[in-house]
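Working notes for the structure below.
The values are calculated or read from the model by the stated rules, or taken from the named source; none is laboratory data. None of the values given here were measured: they were computed from a predicted structure. Positions of Cβ are generated from backbone atoms using ideal geometry, with glycine treated the same way; all protein chains shown enter the neighbour counts. For accessibility, only protein heavy atoms count, side chains too; no ligands or nucleic acids. Shrake-Rupley method; radii C 1.70, N 1.55, O 1.52, S 1.80 Å.
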Amino acid sequence: MRRARRQLYISAIAIMIATIGVVNSAQVHAAHAGIEAIAAKGKAKQQEGSGLPRTNARAASLIDVESGRILYSEQGDVELPMASTTKIMTAVIAIESGKLHEIVKTSNHAVGKEGSSIYLRLGEKMKLEDMVYGLMLRSGNDAATAIAEHVGGSEEGFVYLMNEKARELGLEHTSFRNPHGLDAKDHYTTANDLAKITAYALHNPTFRNIVKTKVKTAPNPNDAWDYKWLNKNKMLSLYEGADGVKTGYTKTALRCLVSSATRNGQQLAAVTLNDGSDWVDHSRMLDYGFTVYPAQQIIRKGQQIEGSDLVSLLEWSYPLSNEEKTRIATKIIPNQPSSPEYKFGSPAKLEIWLDNERIGQVPLRAKSLDKKQLD
């Protein structure tokens with residue numbers, strides 16, 4: 001009897017200890033969840049108080065296209081999958097190849113590529129330029145593969161060109177493994193790197209025209225009617241001044257978006273990776289950039305530089321907050337008599353500095369030169 005009671009007592013103690021362990025574990029998890037919630041609220045409050053745009057993105061970046069200045073970044077250097085925003089680089093390589101007039105023949109490898117498609121058929125022939133429209137407006141993975149094989153000789157050859165371009169642009173946190181963005185090991189970028197790729201791409205007029213197109217028709221050799229592609233980028237209709245760029249989604253990357261807009265002659269590009277509310281967040285980011293960092297004219301063309309007989313050969317603007325504009329300084333730097341600039345009539349240049357960072361320069365010429373020579 002005593003033995004039975006003793007065994008019952010030991011069992012009860014064991015149950016109590018296990019229960020305490022479960023409770024403690026639950027309390028620990030609850031505490032962690034509470035801390036994360038407080039941290040998230042604190043971050044949102046901090047951003048709201050500072051006037052920074054709030055996003056739900058895993059990473060975000062906002063860039064001024066002309067200057068390349070990053071205006072906002074949140075986890076901007078974290079390496080993440082990019083889904084179909086990959087196709088921005090694919091389009092860049094295709095356009096810069098100089099082969100847009102050539103005819104692409106669709107291979108078996110390209111036909112039926114998983115994911116989004118423009119439904120190319122085996123052996124179908126299409127002009128490369130039209131295929132790039134299908135790539136960017138409808139996010140065709142079949143088009144991406146066909147483009148890669150035509151321009152690069154093979155998909156692997158094209159991916160090599162993509163990575164070489166990334167290195168040329170100084171991108172240290174970007175690696176391509178395919179031309180379409182389907183999930184793959186070591187296929188990643190960062191929000192900041194993707195913003196830089198986009199700013200580079202938007203300097204190309206052909207790329208700009210493609211990504212701002214809402215509807216594109218192209219010849220269809222298989223049917224009596226033309227292809228008609230509607231752009232998936234809703235920002236083109238949702239945001240005033242929107243003029244690009246590319247949507248993306250995979251199960252690993254989740255929702256990715258790169259958008260651009262132009263107002264008052266200034267173009268900005270916004271990037272979010274893994275963001276379930278990207279349309280709203282991009283509107284906030286772009287509003288923030290245009291409001292807080294408008295392009296401000298620093299030097300006028302023909303302006304005489306104080307303390308000298310030199311005038312500027314160019315107009316120069318830069319995205320600055322009103323407070324930053326008060327911290328701009330300039331320095332006149334003489335050109336060497338042996339330099340090409342000097343030989344072409346520019347004895348000096350004007351460097352523009354924001355605090356301790358040189359942000360630009362403009363060539364100078366003597367004021368005594370005839371005004372027609374400055375035009």
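The length gained by stretching the chain between residue 296 and residue 331 to full extension, at 0.36 nm per residue less their Cα-Cα distance, is 10.7 nm.
Pairs of alpha carbons in the stretch 195-263 separated by more than 16 Å make up 56% of all such pairs.
Full extension from residue 324 to residue 121: what is 0.36 nm times the residue separation minus their Cα-Cα distance, to one decimal in nm?
Working: separation 203, 0.36 × 203 = 73.08 nm, distance 5.56 nm.
Contour length minus Cα-Cα distance gives 67.5 nm.
Given 0.36 nm per residue, what is the gain on full extension from residue 351 to residue 108 after removing their alpha carbon distance, in nm?
Answer, rounded to one decimal: 82.0 nm.
Sorted by mean Cβ packing within 10 Å, highest first, what order do the peptides 266-275, 62-71 take? All intermediate terms of the calculation are to be shown ahead of the outcome.
Details: 266-275: 26.9, 62-71: 20.5.
Those peptides, ordered most packed to least, come out 266-275, 62-71.
With the Cα gyration tensor of the stretch 249-305 giving a ≥ b ≥ c as the square roots of its eigenvalues, does the rule (a/c under 1.5 for rounded; else a/b larger than b/c for prolate; else oblate) give rounded, prolate or oblate? Spell out each step's value before the answer.
Details: a/c = 4.42, a/b = 3.18, b/c = 1.39.
The shape class here is prolate.
Considering only protein heavy atoms and a probe of 1.4 Å, how much of the accessible area of the stretch 76-210 is carbon and sulfur, as a whole percent? Please list the in-between numbers first.
Values: 2420 of 5210 Å².
C and S fraction of accessible area: 47 percent.
Listed by chain and number, the aspartates and glutamates whose alpha-carbon sits under 20 Å from that of residue 127, ignoring those within fewer than 8 places in the same chain, are 96, 102, 142, 149, 155, 223, 226. If you plug the beta carbon distance of residue 314 and residue 368 into 1/(1 + (r/R0)^6) with R0 = 22 Å, you get a FRET efficiency near 0.75. Per residue, the solvent-accessible area of the stretch 235-375 (1.4 Å probe, heavy atoms of protein chains only, all protein chains present) comes to 53 Å².
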